[in-house]
Amino acid sequence: MNEPRSETPHLNGWLVIDKAAGRTSAQIVGRIKRLTGAAKVGHGGTLDPLATGVLPVALGEATKTVAYVMDGTKAYRFTLKWGEARDTDDSEGAITETSEVRPSRQQVERILPDFIGDISQMPPKYSALKVSGRRAYALARANKPVALAPRQVRIDSLRLLDSDAKTASFDVICGKGTYIRALARDLAGALGTCAHVSVLRRTAVGPFTEKAAISLDIVESLVHSARLAAHVLSVEAPLADIPALELTESDAHRLHCGQVIAVSGPDGETIRAKSGERLVALARIETGMLRPLRVFNL
């Protein structure tokens, strides 16, 4: 039986989904694509199935801006459970180690500065990173060796919220590629114990926050009416930090057709080329010429 499609199938922009636990990010994207009938749908950063929170979903022309969201700062709230290491570094996995050591609040706060800034982090073996062409989690599930290398990640802030003999909760703001499960694992290791993530919620991705997030149930209830459009944020939402340049109608047409136009500005600068309120292209200045990188059909 075919599902009826949205009455607004040509939506272009961002839906901020408040992902429930138990679904993968790909499942959310697939569901929204079926509901809206959008030709292109993508997301701005994978969330683990057990995680909840902000999952920005790009519709139509917004898929051309996904990379800018993926590169953006992320914010999370997480709880770790002391005394149990698990092979997945979260509550879904099998217990691999236990410890009776329970750090005090003061001990936890004392080590937090060591985890702020640019740090080296070993990704979890249950991750989507590729090893010799295969996903690391697929190798781990098949009990095959997973050879991952440490990599540099950025932690902008790490704050302890609550702590007791069983758990500790934190707020963290971090850069691209940071694994919260690995952060929890390493925090415990630095305190002479072990732990895993028991609760994980993403509270922000770049400009997208919980305030704008709606559940998939709400999308399903609104998708057959024009009211869904009220929840769709602009294609430009993740591009606010990129300088805008107003073009004439003729220059906008030329750039949209893939031609270059003469401009002044520093070489290598990326520009948001606009004609009135319409986003024409993302373009780059090269030797006095503005060259289109991504053209938008809006």
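Scan the chain and report its longest stretch carrying no GluC sites (Glu not before Pro) that are both in a DSSP loop and have at most 10 other Cβ atoms within 10 Å. It runs 101-276.
Treating the beta-carbon of each Lys and Arg as +1 and of each Asp and Glu as -1, no other charges, what is the dipole magnitude of the stretch 196-276 about its Cα centre, to the nearest 20 debye? It would help to have the intermediate numbers written out before the result.
Working: 7 positive and 10 negative charges, 59 e Å.
That gives the stretch 196-276 a dipole magnitude of about 280 debye.
Going by neighbour counts of Cβ atoms within 10 Å, the residues 95, 261 line up, fewest first, as 95, 261.
How about the stretch 38-146: which trypsin sites (Lys or Arg not before Pro) there are in a DSSP loop, with at most 12 other Cβ atoms within 10 Å of their Cβ? Don't skip to the end; give the middle numbers.
On the way: sites: 40, 64, 74, 77, 81, 86, 105, 110, 125, 130, 134, 135, 141; in loops: 40, 125.
Those that pass, being in a loop and sparsely packed, number zero.
Within the listed set 138, 230, 204, the Gaussian network model of the chain (springs between alpha-carbon atoms below 10 Å) gives the highest mean-square fluctuation for 230. Charge tally around residue 210: other residues with Cβ under 15 Å, Lys/Arg +1 each, Asp/Glu -1 each, net +4. The C-alpha atoms of the chain define a longest principal axis, and helix 180-190 lies at about 30 degrees to it.
Dipole orientation for the stretch 155-298: of the candidates 174, 190, 213, 190 has the Cα lying most toward the positive pole (charges on Cβ; Lys, Arg +1; Asp, Glu -1). DSSP finds beta bridges in the chain, and of those with both partners inside it, around 90 percent are antiparallel. May I ask for the distance between the Cα centers of the stretch 64-81 and the stretch 110-172, given as a whole number of Å? Rounded to whole Å, the Cα centres lie 14 Å apart. Rounded to the nearest 500, the 222 nm mean residue ellipticity of the chain from helices alone is -5000 deg cm²/dmol, with -39,500 (n - 2.57) taken per DSSP H run of at least 4 residues.
Here, each number is a calculation from the coordinates, and none is a lab measurement. These figures come from a predicted structure and were not determined experimentally. Positions of Cβ are backbone-derived with ideal geometry, glycine not excepted, and every protein chain shown enters the neighbour counts.
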